[in-house]
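First up is the structure itself, then whatever we jot down about it.
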Amino acid sequence: MAFTEQDFLIQEKWFNKPNNLVIKSVAPSNIALVKYWGKHGIQLPMNPSISFTLNKSQTQTTVYLTAVDKLSDKVSFKFYLDQKHQADFEPKIAGFFKKIQDFAPFITHFDWKIYSNNTFPHSSGIASSASGFAALSKIIIDLEKQLYPPKTATYYAHKTSFLARLGSGSASRSTAHPVMIWGHHPDIKQTSDLYAIVPDFEIHPVFKTYKDSIVLVEKGQKKVSSTVGHNLMNTHAFKNIRKQHAFEHVLQMTGYLKSGDIENFIKLTEAEALELHALMMTSSPNYLLMQPGTIKIIHKIRNLRKDTGLPVCFTLDAGANVHVLYPDEITRQLQQLLFSKIEFETIHDYV
Ligand code: 2P0
C-alpha cells in the first residue's frame, strides 16, 4: 500500500530538545529517462517519470542546528554554497520549509546554518536543486529520527522523497539508487504522486554499468526556469497526448530495464528527450533551449551508432547540454570515436 499525506504527519509530542546538533548528508543528482513535464496542485506531477541516479554528481550538506529561545512560525536559516552566503537561493529554501512545516513541525525549533557544496561544477547544467533538496530532506529525516520514537525504514525512505518533492519535483527521484519512479502508474505497484520509489524488480546487469557523460554545449544557468515550463503544460495543446505517452513510456521503459533490451531503451530514451524539447517548442509562449551544438552532437551520436553499431544514445534535460548514455564496456571506444572529436568540454559521470 502506498503512503498517504496523513501517514507523514507526526502524531507524537517530543520533549528532549537538544541545544546543538550537527547533521551531514550526501545526495546524488538524477537524469530522467522518461520525463516529468507538467505539474498541478502542490508539486504533484502531471505524469509518472523514471530516472537513473547519478552517483558521482552529488550535493554534500552539513547543517548546524541551534535551538531557538523564542518560537516563530518561520524557520530561521542561512544558506552557504562553497562556504559563501548565497542569499539568492534562500527564497526557494524558505518556500520549501513552509511547505514541509505540517510534516516536520520540529524545524521551527532550531536555527539552521546550511552549508552545501556540489561535486559537479556549477556551470555543468546539472540542476543542483534535485540533489540539494534531497540532501536537505535526508537531514530533516535524520533529525526526525533523533527526536521521535523509531518508525519503519520504508516510512523514512518514502518521507525523505516526499519532502524532497516539495522542494523540487525532480528532487523526489534523488533519494535512492539506481533507478527511481515518481508518479502513480496504475500498472506499477507502490507508485505514488507523493514520492518516488525504487522499483521492486531487478534491473538487467547491463544497465547497472551505465555511464552518463555530459557534453557542455552551454555553461551556466538556463534561461527559462523549469517551473515556468511545467506551468505551460497546463494549457498546452498536446497536454493529453503527452500524458498518454508518458504513462506508456514509463511502463515500456521498466520492461526494457528488466530485460536488458538496449535497442528499445535507446529508441525510447531519445524519443523522450526530443518529445520534451518539442513540448517546449510548441507551448504558448514557445521557447527553444537546444543550441546548434546540441543538434550537432545528436547527429554525431546517431551517425556513430549507424556506422559502428555501438549502443550509445543521448538524452536532454531542460537545457542545451547533451547527456550521453552508454554501457561501461564501450567507454574506451567512445573516448576515441566521440569524446575526443567534439569541441565541447565533457564531464564523465556514472549512473
Ligand atoms: C525531469 N525536468 O523529469 C524533468 C525533465 C527537467 C527536464 O523536472 O518546478 O527543477 O522544481 O518541480 O524538478 C526539472 O524541473 O522543477 C525537471 P520544479 P524541477 O527531470
Answer yes or no as to whether GLU218 is surrounded by fewer than 19 Cβ atoms within 10 Å (Cβ to Cβ) and within 16 Å of the ligand (Cβ to nearest atom). yes
Which one of the conditions (1) surrounded by fewer than 22 Cβ atoms within 10 Å (Cβ to Cβ); (2) out of contact with any Ser or Thr (no Cβ under 8 Å at 6 or more places or on another chain) does PHE52 fail to meet, given that it meets all the rest? (1)
Take the residues of the stretch 3-33 that are surrounded by fewer than 10 Cβ atoms within 10 Å (Cβ to Cβ) and not in a strand (DSSP E or B): which is nearest to the chain's Cα centre (by Cα)? GLN6
Could you list, in sequence order, the residues of the stretch 104-125 that are touching an Asp or Glu at 6+ places or on another chain (Cβ under 8 Å) and within 15 Å of the ligand (Cβ to nearest atom)? GLY125
Looking at (1) within 16 Å of the ligand (Cβ to nearest atom); (2) within 20 Å of GLU5 (Cβ to Cβ), which is the one condition that is false for ILE141? (1)
State whether one or more residues within the stretch 303-316 are over 22 Å from THR209 (Cα atoms), of a type in the set (Val, Ile, Thr) and touching a residue at least 24 places away in the same chain (Cβ under 8 Å). no
For the stretch 51-83, give me each residue that is of a type in the set (A, V, I, L, M) and either out of contact with any Pro (no Cβ under 8 Å at 6 or more places or on another chain) or more than 22 Å from ARG173 (Cβ to Cβ) (or both). VAL63, LEU65, ALA67, VAL68, LEU71, VAL75, LEU81
Please state which of the following conditions THR152 fails to meet, knowing it meets all the rest: (1) touching a strand residue (DSSP E or B) at 6+ places or on another chain (Cβ under 7 Å); (2) away from the ligand (no atom under 15 Å from the Cβ); (3) modelled with pLDDT of 95 or more. (1)
Which one of these does TYR210 not meet: (1) touching a residue at least 60 places away in the same chain (Cβ under 8 Å); (2) within 16 Å of the ligand (Cβ to nearest atom)? (2)
Whether any residue in the stretch 304-325 is crowded, with 19+ Cβ neighbours inside 10 Å and in a helix (DSSP H, G or I) is what I want to check. no
Suppose the filter is among the aliphatic types (A, V, I, L, M), in contact (Cβ under 8 Å) with a residue 40 or more places away in the chain and within 11 Å of the ligand (Cβ to nearest atom); does ILE42 pass it? yes
Within the stretch 205-239, which residues are hydroxyl-bearing (Ser, Thr, Tyr) and assigned to a loop (DSSP other than H, G, I, E, B)? THR209, SER225
Tell me which residues, restricted to the stretch 180-200, are in a strand (DSSP E or B), touching a Phe, Trp or Tyr at 6+ places or on another chain (Cβ under 9 Å) and within 13 Å of the ligand (Cβ to nearest atom). MET180, TRP182, ALA196
Collect the residues in the stretch 265-296 that are closer than 16 Å to THR315 by Cβ and among the hydroxyl-bearing types (Ser, Thr, Tyr), keeping them in residue-number order. THR269, THR294
Go through the stretch 308-321 residue by residue and tally those that are away from the ligand (no atom under 13 Å from the Cβ) and under 15 Å from LEU216 (Cβ atoms). 1
Among the listed residues SER192, SER226, which satisfies the condition of being assigned by TED's automatic domain parsing to the domain that holds ASP328 and either within 20 Å of LEU310 (Cα to Cα) or among the hydroxyl-bearing types (Ser, Thr, Tyr) (or both)? SER226
Matching residues, the stretch 59-89, being of a type outside the set (Val, Ile, Thr) and part of a loop (DSSP other than H, G, I, E, B): ASP69, LYS70, LEU71, SER72, ASP73, LYS74, ASP82, GLN83, GLN86
Going through the stretch 90-127 one residue at a time, which ones are part of a helix (DSSP H, G or I) and among the charged types (D, E, K, R)? GLU90, LYS92, LYS98, LYS99
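The values are calculated or read from the model by the stated rules, or taken from the named source; none is laboratory data. Since we're looking at a predicted model, the values are computed, not measured. Every residue, glycine as well, gets a Cβ built from its backbone with ideal geometry; the counts of neighbours run over all protein chains shown.
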